[in-house]
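The values are calculated or read from the model by the stated rules, or taken from the named source; none is laboratory data. What you see is a predicted model; the values in this text were computed from it and never measured. Because the Cβ atoms are built from the backbone with ideal geometry, glycine has one as well, and the counts that use them run over all protein chains shown.
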Amino acid sequence: MTTPDGRSPGAPRTASARWVLHLDMDAFFASVEQLTRPTLADRPVLVGGAGPRGVVAGASYQARVFGARSAMPMGQARRRCPHATVLPPRFALYKAISDQVMGVLAEFSPVLEPVSVDEAFIEPPVLAGADPAAVDEFGTRLRAAVRERTGLPASVGAGSGKQIAKIASELAKPDGLRVIAHAEQETVLAALPVRSLWGIGPVSGEALRKIGIETIGQLAAMDGREVAGVLGTAMGTELHRLARGIDDRPVAPRGAAKQISAETTFDTDLTAMTAVHDAVASICVAVHRRLVADGRAARTVTVKARTGDFTTHTRSETTPFPSRDLATLTAVARRLADTAVGEGGVRLLGVSVSGFGDEPPLALFEAVPSEQGWRAATSSDTVEPPGPDAPLPGPAGSERGTAGAVAAEPGAPGGTATIAGHAVVTTVPAAADEPALPAVTDEPAPPTATDEPAPPTVGPGPTRPDRVPDPDRPWAAGDDVHHPEHGHGWVQGAGHGRVTVRFETALTGPGRTRTLDASDPVLTRADPLSSWQAPA
């Protein structure tokens, strides 16, 4: 028996008066691509660099079915899902849509705590003391408002604190709502894997597994002193509280950080530089997501490497201009890792960025070969000797980057083009009821008149001019373009003086392809935002 607000009889009201909601956009990067390039709806999509050292920044649910996921080497993801469409990320578009999502959340709650570009917490005062049915109705309205404003699905979870709300949103995915009443949270938590708790990464998870702790319920049942002995006093105490459903952390706006970082401790020391490079690339994805979420660009990249004897080496490089380009960050970090890693295996790697400023209109790195990167304006090298506490495991924060090292695998065969140093698939798999997309040929495809389906409803947002300056570089798969007759489109392939473009946006619905002369002056580069909303 419970009270109307979900409390057990006799439970203190202060424990149930609080409702925290966590909103998480579903497969955000890939979902944006599927929305703005409607031909890709319901098809496997991978977002990221498709070169031999590319990393997946986002994977659609259709690609995840085959085992592809974010932070995986692109070659490995393409081997698992060879029919996926691989697209370069369009972070300016993701940030613009993220701003709209955060704007909706701000309309529902005066206090908003963004976690990343695609997720945030709110604690609406109107829900204080509400019953689960009222919270469910509130969450339904919130999800509908986000879809109306952006055209995208979002999952929402609600619970008594940030931890349980985050878990609830994971249980709601994809495109769902889960409200965990206070009376049921102990039961819900008990059955979940211990890795579901924030702060438990591969290292601490393995430490718990070795003593037979695999579920949150088992962790909650442990004596607090025993948990502290395994995970350390500070980390163990906090995680033990979370496992028991105690989470009084406030929902509060985040201040501007002076540094953004992520690091990973490995179960087995890395000895091969290929493994080090792959691990650095994965960590850079985590750093980059936060950089984009904050809408910032950084000049200084720092790499930290801790060897098997617990000696820590750091290398820093400061570039001429701020950037938030993932290829830039990864190339610089890998170069720094080459000199930061000394003799012996590497037990920990970290990447941080600082020196924030405004990014130039054109990414400087596009004009520089990616393996060379920028020339350093300043650099530093420090070596920290092992401290007296070196053998102890690191704090929970050391596991919030991408876990473990990964080995690159060859990419799947197929037609490719080059974008910023990465090979990108130039064709899109055809649906069962649609002919295959035309290959790039020396002759243009004849125009085809078709009836366009009714456009989906996509909410308002800041409009941008569709046409943008045309840099002096060849067309590449994934480029946004504009044609005065056909409108906005995206490049599917180019070669032999021809370019194949599919003209479609979120507003038009699925479109047709046209093969044009690559040097046609009326075909211009376009603002990616115009694929989401009408141009000014």
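General remarks:
- Some residue of region 138-145 being touching a residue at least 12 places away in the same chain (Cβ under 8 Å), surrounded by fewer than 23 Cβ atoms within 10 Å (Cβ to Cβ), β-branched (Val, Ile, Thr) and closer than 16 Å to Asp26 by Cα: yes
- Residue within region 154-169 that is surrounded by fewer than 17 Cβ atoms within 10 Å (Cβ to Cβ) and either touching a residue at least 24 places away in the same chain (Cβ under 8 Å) or closer than 30 Å to Glu33 by Cα (or both) present: no
- Single residue of region 247-303 satisfying the filter (modelled with pLDDT of 90 or more and of a type in the set (D, E, K, R)) that is nearest to Leu348 (Cα to Cα): Asp278
- Filtered residues of region 303-314 (kept if part of a strand (DSSP E or B) and surrounded by fewer than 23 Cβ atoms within 10 Å (Cβ to Cβ)): Lys304, Thr307, Thr312, His313, Thr314
- The single residue among Ser98, Ser70 that is surrounded by fewer than 24 Cβ atoms within 10 Å (Cβ to Cβ), within 14 Å of the chain's Cα centre (by Cα), within 30 Å of Gly161 (Cβ to Cβ) and not assigned by TED's automatic domain parsing to the domain that holds Ile283 turns out to be Ser70.
- For region 323-355, a tally of residues being assigned to a strand (DSSP E or B) and out of contact with any Leu (no Cβ under 9 Å at 6 or more places or on another chain) returns 5.
- Some residue of region 179-192 being out of contact with any Pro (no Cβ under 6 Å at 6 or more places or on another chain) and either modelled with pLDDT under 90 or in a strand (DSSP E or B) (or both): no
- Checking Ala134 against (1) at pLDDT 95 or above; (2) in contact with an Asp or Glu (Cβ under 8 Å, 6 or more places away or on another chain); (3) under 29 Å from Ile180 (Cα atoms); (4) of a type in the set (A, V, I, L, M, F, W, C), the condition it does not meet: (2)
- The numbered conditions (1) touching a residue at least 60 places away in the same chain (Cβ under 8 Å); (2) surrounded by fewer than 24 Cβ atoms within 10 Å (Cβ to Cβ); (3) more than 15 Å from the chain's Cα centre (by Cα) are all true for Arg80 except (1).
- Residue that is part of a helix (DSSP H, G or I), touching a Gly at 6+ places or on another chain (Cβ under 6 Å), closer than 21 Å to Ile200 by Cβ and not hydroxyl-bearing (Ser, Thr, Tyr), where the choices are Ala279, Ala262, Ala286: Ala286
- Of all residues in region 192-208, those satisfying the criterion of being buried (at least 21 other Cβ atoms within 10 Å of the Cβ) and touching a Leu at 6+ places or on another chain (Cβ under 6 Å) are Leu197, Ser204.
- Conditions (1) modelled with pLDDT of 95 or more; (2) surrounded by fewer than 24 Cβ atoms within 10 Å (Cβ to Cβ); number of the one not met by Pro52: (1)
Here is a yes/no grid of residues against (1) at negative phi; (2) in contact with a strand residue (DSSP E or B) (Cβ under 9 Å, 6 or more places away or on another chain); (3) surrounded by fewer than 20 Cβ atoms within 10 Å (Cβ to Cβ):
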site: Thr85; (1), (2), (3): yes, yes, no
site: Ala92; (1), (2), (3): yes, no, yes
site: Val115; (1), (2), (3): yes, yes, yes
site: Glu148; (1), (2), (3): yes, no, yes
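- Number of the condition not met by Thr36 [criteria: (1) closer than 25 Å to Lys162 by Cα; (2) among the hydroxyl-bearing types (Ser, Thr, Tyr); (3) buried (at least 24 other Cβ atoms within 10 Å of the Cβ)]: (1)
- In region 97-111, the residues that are aliphatic (A, V, I, L, M) and modelled with pLDDT of 95 or more: Ile97, Val101, Met102, Val104, Leu105, Ala106
- The lone exception for Gln259 - which of (1) under 30 Å from Arg296 (Cα atoms); (2) buried (at least 21 other Cβ atoms within 10 Å of the Cβ) it fails: (2)
- Residue in region 215-232 that is under 30 Å from Ala333 (Cβ atoms), in a loop (DSSP other than H, G, I, E, B) and more than 22 Å from the chain's Cα centre (by Cα) present: yes
- Residue in region 243-250 that is part of a helix (DSSP H, G or I), touching a residue at least 12 places away in the same chain (Cβ under 8 Å) and surrounded by fewer than 18 Cβ atoms within 10 Å (Cβ to Cβ) present: no
- Residue match in region 294-301 (condition: of a type in the set (A, V, I, L, M, F, W, C) and part of a loop (DSSP other than H, G, I, E, B)): no
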